[in-house]
Amino acid sequence: MDLQNDEMTLRLRQMCDGSVEAFDRFYEAYAPFVMQVAIRMVGERMEAEDVCHEVFLEALRRGKDYDPARGSIKAWLAVKTRSRCLDRLRRNQRVQPLEGELLPGGTPISEEEQVISRLEKEALRSAVYALPEAQRKAILGSYYTLHTHKQMSEAWNVPIGTVKSWVRYGLANLRKQLEKQGWSHTPEGGGKDERFRL
């Protein structure tokens with residue numbers, strides 16, 4: 001019996017129900033591991049930070065799908081991290097050759113893929129910058145610069161509970177912004193619309 005996994009499974013359920021404290025504990029427990037896997041796969045810290053951000057947003061959104069009988073939370077996160085890394089590596093292979101108009105091997109880049117990739121980035125950027133300033137600052141601090149709530153609290157001279165609230169409400173508002181833009185809908189059984197999820 002894995003007591004730590006049992007405890008973190010409970011935290012995962014609680015954070016999916018809106019507990020900021022549970023999210024904080026879950027993030028602190030697993031962010032270093034997710035970053036380690038992501039850096040090993042993508043080879044670049046900024047890319048790995050983006051992957052880490054995506055993995056924890058997905059855990060927040062789909063955590064109730066986790067089944068302890070199928071493996072540990074660490075294994076579950078490793079699979080999600082690997083999948084997101086592969087998606088990002090494939091996307092970068094499509095985006096990087098834009099100057100030459102061809103992928104390695106001489107395959108033309110699909111115009112549809114170029115447009116979708118641009119739209120995804122624009123949607124996320126506009127959703128983040130539509131947030132109130134404090135929420136935007138807390139989201140960017142948590143997910144892109146990987147600061148802890150305590151570090152942000154000290155840097156901004158505000159109570160840690162305030163920072164946690166900004167993160168929580170920021171995530172909820174970010175999700176709503178993306179839903180309004182139609183990016184968070186995932187068809188039953190999956191499909192290509194799953195490429196952009198929150």
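Structure summary
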| item | result |
| --- | --- |
| Members of the stretch 14-29 that are part of a helix (DSSP H, G or I) and out of contact with any Lys or Arg (no Cβ under 7 Å at 6 or more places or on another chain) | GLN14, MET15, GLU21, PHE23, TYR27, GLU28, ALA29 |
| The stretch 149-171: number of residues that are of a type outside the set (A, V, I, L, M), in contact with a helix residue (DSSP H, G or I) (Cβ under 7 Å, 6 or more places away or on another chain) and open to solvent by 50 Å² or more (accessible area, probe 1.4 Å) | 5 |
| From VAL115, VAL163, VAL158, residue being in a helix (DSSP H, G or I) and at pLDDT 65 or above | VAL163 |
| Conditions (1) at pLDDT 85 or above; (2) surrounded by 13 or more Cβ atoms within 10 Å (Cβ to Cβ): number failed by ARG91 | (1) |
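The values are calculated or read from the model by the stated rules, or taken from the named source; none is laboratory data. All of these numbers come straight from a predicted model, not from anything done at the bench. Because the Cβ atoms are built from the backbone with ideal geometry, glycine has one as well, and the counts that use them run over all protein chains shown. All accessible areas refer to the heavy atoms of the entire protein, side chains included, with ligands and DNA or RNA removed. Shrake-Rupley method; radii C 1.70, N 1.55, O 1.52, S 1.80 Å.
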